[in-house]
Amino acid sequence: MASLAMMMAVPLLASNVQATEPAAAGEAVPVALVTGSTRGLGEEVALRLGALGYHVIVHGRSAERGEAVAAAIAEGGGRAEFRRADFLALDEVRALAAGVLADFDRLDLLVNNAGIGSDEGGRLVSAEGYEAVFQVNYLAHFLLTEMLRPLLIDSAPARIVNVSSAAQAPIDFNDVMLERWQPDDRQIGRPYAQSKLAQVLHTYDMAERLEDSGVIINALHPATFMDTYMVRRAGIEPQTSVDEGADRTLQLILEDIGSGHYFRDGAPARAHEQAYDAEARARLRQISLELVGLTD
Ligand SMILES: NC(=O)c1ccc[n+]([C@@H]2O[C@H](COP(=O)([O-])OP(=O)(O)OC[C@H]3O[C@@H](n4cnc5c(N)ncnc54)[C@H](OP(=O)(O)O)[C@@H]3O)[C@@H](O)[C@H]2O)c1
């Protein structure tokens, strides 16, 4: 089957993609949900998808920035709308998924991108009392993906992209919520790195479960220290541009790359060892299902 890129005859990895012609009446418009697209990498990915002809569901917490991104897509001749949900509350994730299921009869692309860094102040907790970085970066996306999976399968060929990171730390199954974790200078990034590896375990696990469904799932490290709010807030001097990370992300959206890969620097790469432990993946899935109140 022809890929979306082929069908739309768009150049791959173009930094400044041109807006496509509006779809004719009755023509199916592909739908993409990009979490955390009110700024940073997600915003650039959303803008590019809008220019490629997707109806883009822009997501984040800031309605002001989200509406502005949706308006920019519309001004470029595309289609977009903003949906608000704070991933620090799982009910808001459920409401986001329920809204998408109610309002769209297809979902061609889910980009799980929303993220926060570890906090210098130490351990933060969500509305559910879960470790906050684990919840926003991984668990909320696990729940969102589970709820949207039937629609993605119905819309196949479809794709899921998990925006992870090269910063990866193993999950301690005796302390997933990091209650016994004591941040020190060396370990300050542990919540972030744990959540980012959890995304890779999720990617490999889902790839197996989605085999032959027509839905592919891959993860990536977009680029190192892009010029975004997250990086600047951590006091780090940016080393790469958002464009670079968006190029890498679009590669996973448009190119023929198979399923179940972790990409870094434009090619499949080896993730942390724990991602290749089938028992760890099954254990994380089981724990995650329990934490979000679902059964297998
Ligand atoms: N920057 C890098 O160098 C780098 C490197 C590797 C991986 N990454 C990954 O790339 C992704 C995007 O990062 P970025 O650098 O673009 O960060 P960013 O500019 O800080 O953007 C983060 C996005 O996530 C959303 N978000 C944050 N907290 C949220 C919450 N509680 N609920 C819902 N949405 C929330 C934000 O929306 P609101 O502000 O509207 O809430 C924003 O749209 C992240 O997953 C990050 O881990 C980044």
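Annotations for the structure displayed:
- Criterion applied to A140, A166 was being of a type outside the set (K, R), outside any helix (DSSP H, G or I) and within 14 Å of the ligand (Cβ to nearest atom), and the one residue passing it is A166.
- Counting only helices (runs of 4 or more DSSP H) that fall entirely inside the stretch 180-296 and contain at least 1 residues that are modelled with pLDDT under 95, the qualifying elements are 190-209, 229-233.
- Identity of the residue in the stretch 124-137, under 19 Å from S37 (Cα atoms) and not hydrophobic (A, V, I, L, M, F, W, C), that ends up nearest to the ligand (Cβ to nearest atom): N137
- Residue match in the stretch 87-98 (condition: among the aliphatic types (A, V, I, L, M), part of a loop (DSSP other than H, G, I, E, B), surrounded by fewer than 24 Cβ atoms within 10 Å (Cβ to Cβ) and under 18 Å from the mean Cα position of the chain (by Cα)): yes
- Pairs, first closer than 20 Å to L151 by Cα in the stretch 13-41, second outside any strand (DSSP E or B) and at pLDDT below 50, C-beta under 7 Å, six or more apart: P30/L4
- Only listed residue being within 16 Å of the ligand (Cβ to nearest atom) and surrounded by fewer than 21 Cβ atoms within 10 Å (Cβ to Cβ), chosen from D265, D296, D256: D265
- Here the condition is being closer than 25 Å to A278 by Cβ and loosely packed, with under 14 Cβ neighbours inside 10 Å; of D175, D184, it holds for D175 alone.
- Residue selected from the stretch 100-123 under the condition surrounded by 14 or more Cβ atoms within 10 Å (Cβ to Cβ) and not in a loop (DSSP other than H, G, I, E, B), by the criterion nearest to the ligand (Cβ to nearest atom): N112
- Residue match in the stretch 154-161 (condition: within 16 Å of the ligand (Cβ to nearest atom), crowded, with 24+ Cβ neighbours inside 10 Å, under 19 Å from L96 (Cα atoms) and in contact (Cβ under 8 Å) with a residue 12 or more places away in the chain): yes
- Checking each residue in the stretch 211-231 for being surrounded by fewer than 21 Cβ atoms within 10 Å (Cβ to Cβ) and away from the ligand (no atom under 16 Å from the Cβ) picks out E211, D212, S213, G214.
- Scan of the stretch 140-179 for residues that are modelled with pLDDT of 95 or more and either of a type in the set (S, T, Y) or at positive phi (or both), ordered by number: T145, S155, S164, S165
- Test: L96 is farther than 16 Å from Y229 by Cβ, modelled with pLDDT of 95 or more and either more than 12 Å from the ligand (Cβ to nearest atom) or polar (S, T, N, Q) (or both): no
The values are calculated or read from the model by the stated rules, or taken from the named source; none is laboratory data. Everything numeric in this text was worked out from a predicted model, so none of it was measured. Backbone-built Cβ (ideal geometry, glycine too); neighbour counts: all protein chains shown.
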